[in-house]
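Participant: Right, I'll just put the structure down here and ask away after.
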Amino acid sequence: KDLESFFKAWLVGAAVFVAFYFLAVVSHGAFGGGDVKFAPSLSVALAMSELRLAGYGIFVAFQIAALVALVLLITKKRSLRQTIAFGPYLTLGFATVWVTNLVVA
């Protein structure tokens, strides 16, 4: 069981790597190489405890980043042409899911 979970977690990490690499290519640099490497690492860590958590972590990270970007746009601190670092939102999203899973479980 543990070996199976290990391999599944790494498969999830590989899939996340491919997805983020695709986003980096399509976005012409809006997603950097750090995001491409960091997201799979966090995904593997979360998937080791429970497989579905990796997807939740990515989802929550995108939601938090979207909310912050919207606030920055509304307050005119950023424009649509500017980028924001995604690493902190990946960290916050994955940490939120991990802590929530600890509390609920």
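Participant: Any idea what angle helix 33-49 forms with the longest principal axis of the chain, computed on alpha-carbon atoms, 0 to 90 degrees, nearest 10?
Facilitator: Around 40 degrees separate the two axes.
Participant: Go ahead and run the numbers for FRET between Leu67 and Leu102, Cβ-Cβ distance against an R0 of 30 Å, rounding to 0.05.
Facilitator: Numbers: r = 23 Å, r/R0 = 0.78.
The value I calculate is 0.80.
Participant: Remind me, relative contact order of the range 1-69 in percent, using alpha carbon pairs under 8 angstrom and six or more residues apart?
Facilitator: Working: 57 pairs, mean separation 23.0, N = 69.
With pairs under 8 Å counted, the relative contact order is 33 percent.
Participant: State the Cα centre-to-centre distance between the range 79-99 and the range 1-34 in whole Å.
Facilitator: 16 Å
Participant: If you line up the long axis of helix 87-104 against the longest principal axis of the chain, both from Cα atoms, how many degrees apart are they, to the nearest 10?
Facilitator: The helix 87-104 is inclined about 40 degrees to the chain.
Participant: Give the label of the value calculated from the structure for volume of the Cα convex hull per residue in Å³, choosing from (1) 125; (2) 107; (3) 86.
Facilitator: (3)
Participant: Here's another thing I want to ask about it. Where nothing but the Cβ of Lys and Arg (+1) and of Asp and Glu (-1) is charged, how large is the charge dipole of the range 15-86 around its Cα centre, in debye to the nearest 20? Each step should come with its number before you reach the end.
Facilitator: Working: 6 positive and 2 negative charges, 72 e Å.
Taking the Cα centre of the range 15-86 as origin, the dipole is about 340 debye.
Participant: Of Met48, Leu73, Phe62, which is farthest towards the positive pole of the chain's charge dipole, taken about the Cα centre with +1 and -1 on the beta-carbons of Lys, Arg and Asp, Glu respectively?
Facilitator: Result: Leu73, furthest along the dipole toward the positive end.
Participant: Shifting gears a bit: How large is the accessible surface per residue of the chain, computed with a 1.4 Å probe and reported in Å² as a whole number?
Facilitator: Values: 6990 Å² over 105 residues.
I get 67 Å² per residue for the chain.
Participant: Something else now. Report the gain in length on full extension from Ser49 to Arg78: 0.36 nm times residue separation, minus Cα-Cα distance, nm rounded to one decimal.
Facilitator: Working: separation 29, 0.36 × 29 = 10.44 nm, distance 3.72 nm.
Length gained between Ser49 and Arg78: 6.7 nm.
Participant: Using only helices, what value at 222 nm comes out for the chain when you add -39,500 (n - 2.57) per DSSP H run of length 4 or more and divide by the total residues, to the nearest 500 deg cm²/dmol? Working shown, then result.
Facilitator: Values: 4 runs with 84 residues, N = 105.
Result for the chain: -27500 deg cm²/dmol, rounded to the nearest 500.
Participant: Next up: Can you pull the percent of the chain's accessible area that's carbon plus sulfur, 1.4 Å probe, other chains left in place? If you can, show how the numbers build up before the last one.
Facilitator: Details: 5020 of 6990 Å².
Taking all protein chains in place, the chain shows 72 percent carbon and sulfur surface.
The values are calculated or read from the model by the stated rules, or taken from the named source; none is laboratory data. As the structure is a prediction and not an experimental result, all values here were calculated from the model. Here the Cβ is made from the backbone with ideal geometry for all residues, glycine too, and neighbour counts use every protein chain on show. Each accessible area value is taken on the protein alone, full model and side chains, heavy atoms only, with ligands, DNA and RNA left out. Shrake-Rupley method; radii C 1.70, N 1.55, O 1.52, S 1.80 Å.
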